[in-house]
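The values are calculated or read from the model by the stated rules, or taken from the named source; none is laboratory data. Keep in mind that this is a model prediction, so the values were computed, not measured. All Cβ positions, glycine included, derive from the backbone under ideal geometry; neighbour counts span all protein chains shown.
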Ligand SMILES: [Ca+2]
Ligand SMILES: [Ca+2]
Ligand SMILES: [Ca+2]
């Protein structure tokens, strides 16, 4: 009875001071949000994460440690960081014996973040879970997981003071299956330029062995793409995640590849690019793999972009080229200071519908009178220069 009364007195005594302190903060800073602890402040309220099927982190979950309090969970994890006093909790069900845990987009006053992984068993029990992985590296990959078990992740900053305003995204990745374009014969066709795509080549294999072709460097057999030449200069750019990527571009056929160009100017994470002048309708093979003809090292996540300068007339304008009229009623007229060698007309879908090839001299006339109204591409060759432009047929 006496103790209750004492607590009541203490509350009465302190309450005005607490209220007063908050009022002062409100006065000094307008629109101060009084933030409650995050909903996942403790293990029992861990937020379930989506397990990605590869390392691309397509599915991420946003979080914050703002106003989080210490859970006081003893991890049993060697090297446990000392300052887990603003931990927030996540969980996932293992689909493999290892998963990659990654914290992304860390922002705030304290960006030095850690995480710990706990095995909650088949039932996902916070009371009996055991620490299995200290995430002092980001990303980190705990191994020896049991498929179907629930794993808890506590995420925190390494600030001795709690109350950092740090926000982050968290992702759980998995070792992907072998990509469908692992070998040349199953190359992915790039059908439209510009092209931009990310993929995870972590599980690419070296197939029948290293890729060697005179004039190009020796490469791992990584993953493969094809692109059909449009006559323009095609540029292939690969932006790898944390791995050393190289590009080989070839013509010919799988098993009998002839070097067109390669790139390996930098090491891990370095952007590689190959540019080549394409021949119309010729198929080019693109291998993206680790730059070695003796060591088979893993490939990884990358973004591939392929562009063409097909719609550029700079090179032929330099040879005095001009055309008129546009839109065209019946005849497109072209002139240049040098002999025009070839003029091809394409539909907007890339199908060639007309070609002029002989005795064009310094001027050429393309009869479009029998063509349906619409947009067309014209491709002009003057000596070794090519140019393309768009015309409208009325
Ligand atoms: Ca391969
Ligand atoms: Ca490289
Ligand atoms: Ca490899």
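Structure data summary
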item: Set 128, 69, 137: member being part of a loop (DSSP other than H, G, I, E, B) and under 30 Å from residue 197 (Cβ atoms); result: 137
item: Residue within segment 81-97 that is closer than 15 Å to residue 66 by Cβ and in contact with a helix residue (DSSP H, G or I) (Cβ under 7 Å, 6 or more places away or on another chain) present; result: yes
item: Number of the exception - residue 236 against (1) outside any loop (DSSP other than H, G, I, E, B); (2) within 22 Å of residue 178 (Cα to Cα); (3) under 17 Å from the mean Cα position of the chain (by Cα); result: (2)
item: Any hit, segment 103-118, residues being crowded, with 21+ Cβ neighbours inside 10 Å and in a loop (DSSP other than H, G, I, E, B); result: no
item: Strands (runs of 3 or more DSSP E) wholly inside segment 295-345 that include at least 3 residues being touching a residue at least 24 places away in the same chain (Cβ under 8 Å) and in contact with a strand residue (DSSP E or B) (Cβ under 8 Å, 6 or more places away or on another chain); result: 301-308, 331-335
item: Those residues of segment 269-294 which are away from ligand 3 (no atom under 14 Å from the Cβ) and part of a loop (DSSP other than H, G, I, E, B), in sequence order; result: 269, 270, 271, 278, 279, 280, 281, 282
item: Selected residue (criterion: nearest to ligand 3 (Cβ to nearest atom)) from residues of segment 203-223 that are assigned to a loop (DSSP other than H, G, I, E, B) and over 25 Å from the mean Cα position of the chain (by Cα); result: 210
item: Residue 286 away from ligand 2 (no atom under 13 Å from the Cβ) and either crowded, with 22+ Cβ neighbours inside 10 Å or not assigned by TED's automatic domain parsing to the domain that holds residue 212 (or both); result: yes
item: Leading residue by the ranking (nearest to ligand 3 (Cβ to nearest atom)) among those in segment 183-201 that are modelled with pLDDT of 95 or more and not in a strand (DSSP E or B); result: 201
item: Any hit, segment 235-250, residues being buried (at least 21 other Cβ atoms within 10 Å of the Cβ), more than 16 Å from ligand 2 (Cβ to nearest atom) and either outside the structural domain of residue 101 (by TED's automatic domain parsing) or farther than 30 Å from residue 84 by Cα (or both); result: yes
item: Test: residue in segment 311-329 that is under 18 Å from residue 191 (Cα atoms) and either modelled with pLDDT under 95 or within 16 Å of ligand 1 (Cβ to nearest atom) (or both); result: yes
item: Exclusive hit being surrounded by 15 or more Cβ atoms within 10 Å (Cβ to Cβ) and within 16 Å of ligand 2 (Cβ to nearest atom), set 268, 278, 292, 344; result: 292
item: Filter result for the condition that a residue is within 16 Å of ligand 3 (Cβ to nearest atom) and within 30 Å of residue 348 (Cβ to Cβ), over 313, 247; result: 247
item: Where residue 263 falls short, out of the listed (1) away from ligand 3 (no atom under 16 Å from the Cβ); (2) within 21 Å of residue 303 (Cβ to Cβ); (3) surrounded by fewer than 20 Cβ atoms within 10 Å (Cβ to Cβ); result: (3)
item: One residue from 206, 220 being surrounded by 17 or more Cβ atoms within 10 Å (Cβ to Cβ), away from ligand 2 (no atom under 16 Å from the Cβ), more than 26 Å from residue 104 (Cβ to Cβ) and outside the structural domain of residue 111 (by TED's automatic domain parsing); result: 206
item: Total residues in segment 168-182, condition surrounded by 19 or more Cβ atoms within 10 Å (Cβ to Cβ) and either within 16 Å of ligand 3 (Cβ to nearest atom) or more than 30 Å from residue 112 (Cβ to Cβ) (or both); result: 3
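The rows are residues; the columns are (1) touching a strand residue (DSSP E or B) at 6+ places or on another chain (Cβ under 7 Å); (2) within 18 Å of residue 188 (Cβ to Cβ); (3) touching a residue at least 24 places away in the same chain (Cβ under 8 Å); (4) within 16 Å of ligand 1 (Cβ to nearest atom).
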{"site": "198", "(1), (2), (3), (4)": "yes, yes, yes, no"}
{"site": "214", "(1), (2), (3), (4)": "yes, no, yes, no"}
{"site": "219", "(1), (2), (3), (4)": "yes, yes, yes, yes"}
{"site": "233", "(1), (2), (3), (4)": "yes, no, yes, no"}
{"site": "264", "(1), (2), (3), (4)": "yes, no, yes, no"}
{"site": "278", "(1), (2), (3), (4)": "yes, yes, yes, no"}
